[in-house]
Amino acid sequence: MMGHNNFSHAIMIAVIAISLTIGINGCSANVPEPTTKAEDIVTTSSVYENHKHTVTINAANIDNPPEALTLSTTKDKNSSFHTHKITLTKKQFELLKEGKEVRVTTIPLVIDNHYHAFTIKKP
């Protein structure tokens, strides 16, 4: 039978392991890399503390805009433990379809409240 001290020690190790996993992977871990087509828009964010991210906007969403769409960014080689999310509205998709430039910022990360800015335009 496990004593109180051994049980407490096991719980503490489990909590630390879970915390490290969340801290290393971030809340949006295991996001698959998007597949791109020639007509998709792939754009890179502003740089923050020596890292940046990319996001892919599917051409089908530009041609037939949804009401809103939240997309995940890729992980950066200098900061592989996290991704970000951006949300594009139907109006922003319509502006992209018209060939206009759209600027969005990522949703700030909880861990350090940083964000990135994207300037998006069809090539």
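The test for being β-branched (Val, Ile, Thr) and more than 18 Å from Lys37 (Cα to Cα) does not hold for Ile57. Considered as a group, the residues in the stretch 108-123 that are among the aliphatic types (A, V, I, L, M) and assigned to a loop (DSSP other than H, G, I, E, B) include one that is surrounded by the most Cβ atoms within 10 Å (Cβ to Cβ), and that residue is Leu109.
What single numbered condition from (1) under 17 Å from Thr105 (Cα atoms); (2) surrounded by fewer than 19 Cβ atoms within 10 Å (Cβ to Cβ); (3) in contact with a Lys or Arg (Cβ under 9 Å, 6 or more places away or on another chain); (4) of a type in the set (Asp, Glu) fails to hold for Asp76? Among (1) under 17 Å from Thr105 (Cα atoms); (2) surrounded by fewer than 19 Cβ atoms within 10 Å (Cβ to Cβ); (3) in contact with a Lys or Arg (Cβ under 9 Å, 6 or more places away or on another chain); (4) of a type in the set (Asp, Glu), Asp76 violates only (2). Selection of the stretch 48-70 for residues being in contact with a Lys or Arg (Cβ under 7 Å, 6 or more places away or on another chain) and either at positive phi or in a strand (DSSP E or B) (or both) yields Ala68, Thr70. Say we look at the stretch 87-123 and pick out the residues that are among the hydroxyl-bearing types (Ser, Thr, Tyr) and farther than 15 Å from Asn61 by Cβ; which of these is nearest to the chain's Cα centre (by Cα)? Across the stretch 87-123, the extreme among qualifying residues is Thr106. Condition (residue is closer than 15 Å to Thr43 by Cβ and in contact with a Gly (Cβ under 7 Å, 6 or more places away or on another chain)) applied to the stretch 96-113: is it met by at least one residue? No; the residues of the stretch 96-113 include none that is closer than 15 Å to Thr43 by Cβ and in contact with a Gly (Cβ under 7 Å, 6 or more places away or on another chain).
Read-outs throughout are calculated quantities, based only on the coordinates presented, and are distinct from any laboratory measurement. On a predicted model such as this, the values are computed, not experimentally measured, just so you know. Every residue, glycine as well, gets a Cβ built from its backbone with ideal geometry; the counts of neighbours run over all protein chains shown.
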